[in-house]
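The values are calculated or read from the model by the stated rules, or taken from the named source; none is laboratory data. Just so you know, these numbers come straight off a predicted model, no measurement behind them. As a convention, Cβ positions derive from the backbone with ideal geometry for all residues, glycine included, and neighbour counts pool all protein chains shown. With ligands, DNA and RNA removed, areas are computed over all heavy atoms of the protein, side chains included. Shrake-Rupley method; radii C 1.70, N 1.55, O 1.52, S 1.80 Å.
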Amino acid sequence: MGRLAARALALSAFAAALLTAAPLGAQTGVAPPPYGVERDVMITARDGVKLATDIYLPANEGRNILHLPTILMRTPYDKAVRAPAFAPYFAAHGYAVVVQDVRGRYHSQGHWNALRDDGADGADTVAWIARQPWSDGKVGTVGTSYEGGTQHALAINGAPSLKAMIPLFAMSDVGRYGVRHNGAFELRFFNWVFSMGDPGGPPNLIAAARAASDPAAAPALADLVNHVDEYVRALPLRAGTTPLKFAPDYEHWLIEAMSHGDDEQFWNDFGADVVDNVARYQDVPAYHVTGWYDSWTLQVANLNYPLLSAAKKSPQRLIVGPWIHSRPAISYAGDAQFTADAAIDLNAFQLRWFDHWLRGVDNGVDREAPVRIYVMGGGDGHKTPEGRIFVGGHWRDEPAWPLARAVPTAYYLHPGGLLSPRAPEAAAPVSWLFDPHKPVPTLGGNISSQGNLATQGVADQRCRSTLPFCTDTNPLSARNDVIVFQTAPLEQDTEVTGPLVVKLWASSDGPDTDFTAKRLSRGLRSQRRRQHRPRPLPGRRQGAIPRARPGVRVHHRALPDVPAGQARPPPAPRRLQQQLSPVRRQSQHRRAPERQPTVAHRPQHPLPRPRPPVAHHPADRPGQSVSKASLPLLYGPFMGRVAREAGRVGSGAVCRVADPTPDFVSTP
C-alpha cells in the first residue's frame, strides 16, 4: 500500500508543480511548462452522477488560450496514471486535453458496469466540453483497449461535437469475440475483475478501495490478483463465496458475463457492439489501430474497419503492426524481434491525424493509403542480445482490407497428420481421450489482461513451470490430447495474409466439449514456433467451467438414454467454423524441415472425466463437406527476402475438414 500511496502522492505533487510553475520558474530560471492543469473537475452526467475530470490547457505567458480543439480520453485505469504519457504533449501542441475516470472508477461517482453507461456519459462529457470558453467545439478521442471501447460507445450514442477518433487496440463486440469468443468465456476477464481492473500490475489498493463496499475489505480485494489461478481451478464462481463479494459491482458483472453465452441481447446492450450498430455509429474520421498479436485484432481488422469503411463517408483508416496489445512503441512480440521501425511514436502519429481533422492542417493524412500493415518475416533468425529470434519485416501500404488479391486456399486434414491442399480421401475418423481437469495451456498468441494464466506474442511451444496449467516442460505437441496436422515443406515463397477460417466436423460423447483452433508455424533456425492465440469454434455453452484459455463448448442436448453398463454412442458430427485472428506473414522457401505450416487440434473440455472425441473424415459422411483450414495465400518474392510462415489450425476433440471458404483475405 505504501508504494501505491507514494505513487499517488508523487502524482499529486507533480500536478501542484504544474499549477505553480510560473513563480517557481522565476526563482530557479527553469522555464514553466506551457500548460496548466485543473484536477478533479466534476462533470455531471444526465442522471446526476459526477465524473471526475482533469483538464490540461495550453498557456501563453500564464494565461490560458481560448477556443481550442480538445483531445478526450475516458479511462477506467486512473486518469492520474494515464494522462502523463500524452496530455502534456498535446497541451504543449496547442490542444485542450480532458482525461476522465469512467463511472464507478477511481475518483468518479456511480457504479461500474463495464461500458454500458459510457455512451451516454461520453456524450454528456463532449457536450460539456463544447460549452466551455476554452473550447472551439471540436473534440477528438484517444485511448487504448477499454478506453477504445468508450470511444465506440460514444460514437454509437452520438455527439455533435465529436469530429475525429483514434480507437487503439479497442474493445468491441465483446459477446462475439472478446469477453466471449463464439460462446466461450475468456478467462482473461476473470483476471481483469480479480485484479480490480489493473491486470498488468501488482495488487492495486487504490482500485480495491474504490470498489470495496467495506473499506476494511480493500486489502483482501487487492490480494485476489495473487490467487487468480486458484479461483479459476475452483470455478464456477458463486456469489458471496469469495472476497469478491466485497466488490458487488464487479462480482455481479463477472457472474453475469460468465452466465450469458448465447444471449445475444445481453451482449448487444453492452455499449460497444460496433457490428450490430453500424447504422447508428457516428460518421467521423477514425483511425483504427491494432497489432497482429493484439487480443482485439479480429474485431478491429476483420469486423470494425471493413464494416465502417463500407458504411461511412468519413475516412476510415487501419494500421496493423507486429504488436502485442497496446504496445505500438516496441519492436518485438514475445520471442520475436522485428525491425526497429516496427515501433511507432504514438503521440506524433496521433497528432498528425488530429491536426488535419480538428485544425484543418494540410499534412497529407487524408491522401495516404487507407491500410498500412507490417509484413512479418525476412529475418535471418539470429538471436538478439535479449534472447529473441530476429524475424524481421517491413511496412506496406494497401488499398483495402481484406486484401482482394489474396487467393483463398483450402488446406485439408488428412490421416497421419498431413495438412494439404489436396482433397482428402475416405478415412476412418480420428479419436482421442481428453481430460477437462488437465487443460492444454495457452503459450503465446493474441492475448491481453491474462496475468499468469497465459503468455502473449510469439512463444516457444514448450510448457514452463511459471504457468499454472503446465505440469511439465514438454512440447505441447507431445500431449496425447493434442493432434497436429502439418504441411510438407513449402515449394516457393509464400505470403499468408488475411483472415483464416477453419471448418471442422466433430462429435463427442460428452454433454459439452470445447474445440479450439490454433495456427502455428515452424520458427526460424532456432526451431521455435510462432503462434496466434487459440480461437474457439462456435457452439453452445452452459455454466462456468475452468479452462486455460478461450475455447468453445459444443453443447450436445438431449442425448439418448442408454442401458446401464453400455457406452453412449457419440452424437452425429456437427459442422463448426472458426475465424482466427488475421495473419500477415511472408514465408520463404527453405530446405526441409525448417518451416512447415501445421494445423493442430487442441481440445479444451468441460467434462467430469476423460471422454473420447472423434475426428471425422470424408468417408464418415458421404456428400458432406470435409474439415479444412482456408488460408489467404500470395506467391513469389515480395519486397525482398521473406521469412516463411503458413497457417496452422488447432481445434479440439472430434474433427473433420470442410470445403474451402470464400471469406478469406487476399494479398497482391
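Points worth noting:
- Only one entry of R405, R462 meets the criterion of being closer than 30 Å to H227 by Cα, modelled with pLDDT of 90 or more and out of contact with any Gly (no Cβ under 6 Å at 6 or more places or on another chain), and that entry is R462.
- From the list A342, A286, the lone residue that is more than 30 Å from E386 (Cα to Cα) and either open to solvent by less than 10 Å² (accessible area, probe 1.4 Å) or within 19 Å of the chain's Cα centre (by Cα) (or both) is A286.
- Some residue of the stretch 330-337 being under 21 Å from T497 (Cβ atoms), out of contact with any helix residue (DSSP H, G or I) (no Cβ under 7 Å at 6 or more places or on another chain) and not in a strand (DSSP E or B): no
- Flag if W357 is in contact with a Pro (Cβ under 7 Å, 6 or more places away or on another chain), within 26 Å of V278 (Cβ to Cβ) and at pLDDT 95 or above: yes
- Checked against (1) within 20 Å of I71 (Cα to Cα); (2) free of Cβ contacts under 8 Å to residues at least 12 places away in the same chain, A340 passes all but a single condition, namely (1).
- Scanning the stretch 101-142 for residues that are assigned to a loop (DSSP other than H, G, I, E, B) and either out of contact with any helix residue (DSSP H, G or I) (no Cβ under 8 Å at 6 or more places or on another chain) or under 20 Å from Y177 (Cα atoms) (or both) returns S108, Q109, G110, N113, A114, L115, R116, D117, R131, Q132, P133, W134.
- Taken together, the residues in the stretch 505-521 that are more than 19 Å from A459 (Cβ to Cβ), in a strand (DSSP E or B) and open to solvent by less than 10 Å² (accessible area, probe 1.4 Å) amount to 6.
For every residue, the table says whether it meets (1) at pLDDT 95 or above; (2) buried (at least 24 other Cβ atoms within 10 Å of the Cβ); (3) under 28 Å from D173 (Cα atoms).
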| position | (1), (2), (3) |
| --- | --- |
| R131 | yes, no, no |
| V139 | yes, yes, yes |
| E147 | yes, yes, yes |
| G158 | yes, no, yes |
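- Residue count for the stretch 240-296, restricted to those that are farther than 23 Å from V228 by Cβ, touching a Phe, Trp or Tyr at 6+ places or on another chain (Cβ under 6 Å) and not in a strand (DSSP E or B): 1
- Pick from the stretch 300-339, criterion of a type in the set (F, W, Y) and open to solvent by less than 30 Å² (accessible area, probe 1.4 Å), ranking: farthest from E368 (Cα to Cα): F338
- The residues on offer are N302, N347, and the sole one that is touching a residue at least 12 places away in the same chain (Cβ under 8 Å), part of a helix (DSSP H, G or I) and in contact with a Pro (Cβ under 7 Å, 6 or more places away or on another chain) is N302.
- Total residues in the stretch 188-214, condition assigned to a helix (DSSP H, G or I), open to solvent by 30 Å² or more (accessible area, probe 1.4 Å) and either modelled with pLDDT under 95 or of a type in the set (V, I, T) (or both): 1
- Among the conditions (1) under 23 Å from Y106 (Cβ atoms); (2) surrounded by fewer than 24 Cβ atoms within 10 Å (Cβ to Cβ); (3) among the small types (G, A, S); (4) touching a helix residue (DSSP H, G or I) at 6+ places or on another chain (Cβ under 7 Å), A170 misses just one, which is (2).
- Any hit, the stretch 365-373, residues being assigned to a strand (DSSP E or B), in contact (Cβ under 8 Å) with a residue 12 or more places away in the chain, of a type in the set (D, E, K, R) and within 28 Å of D493 (Cα to Cα): yes
- Residue within the stretch 387-395 that is open to solvent by 30 Å² or more (accessible area, probe 1.4 Å) and within 30 Å of A164 (Cβ to Cβ) present: yes
Yes or no, residue by residue, for (1) under 27 Å from D355 (Cβ atoms); (2) of a type outside the set (V, I, T):
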position	(1), (2)
H111	no, yes
R116	no, yes
Q151	yes, yes
L162	yes, yes
I166	yes, no
F169	yes, yes
G183	no, yes
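- Options V41, V81, V97; residue that is surrounded by fewer than 19 Cβ atoms within 10 Å (Cβ to Cβ), among the β-branched types (V, I, T) and under 27 Å from the mean Cα position of the chain (by Cα): V81
- Any hit, the stretch 289-298, residues being in contact with a Pro (Cβ under 9 Å, 6 or more places away or on another chain), over 29 Å from Y332 (Cα atoms) and at pLDDT 95 or above: no
- Residue within the stretch 490-502 that is over 30 Å from M196 (Cα atoms), open to solvent by less than 20 Å² (accessible area, probe 1.4 Å), of a type in the set (S, T, N, Q) and at pLDDT below 90 present: yes
- Here V484, V440, V502 are screened, and the one residue that is in contact with a helix residue (DSSP H, G or I) (Cβ under 9 Å, 6 or more places away or on another chain) and in a strand (DSSP E or B) is V484.
- Residue within the stretch 255-273 that is modelled with pLDDT under 95 and in contact with a His (Cβ under 6 Å, 6 or more places away or on another chain) present: yes
- Neighbours by Cβ (under 9 Å, 6+ apart or cross-chain): first from the stretch 95-121, over 24 Å from V37 (Cβ atoms) and charged (D, E, K, R); second open to solvent by 10 Å² or more (accessible area, probe 1.4 Å) and in a strand (DSSP E or B): none
- Verdict on L433 being hydrophobic (A, V, I, L, M, F, W, C), over 22 Å from Y305 (Cβ atoms) and open to solvent by 20 Å² or more (accessible area, probe 1.4 Å): yes
- Applying the set (1) within 27 Å of P632 (Cβ to Cβ); (2) crowded, with 20+ Cβ neighbours inside 10 Å; (3) at pLDDT 90 or above to E368 leaves exactly one unmet item: (2).
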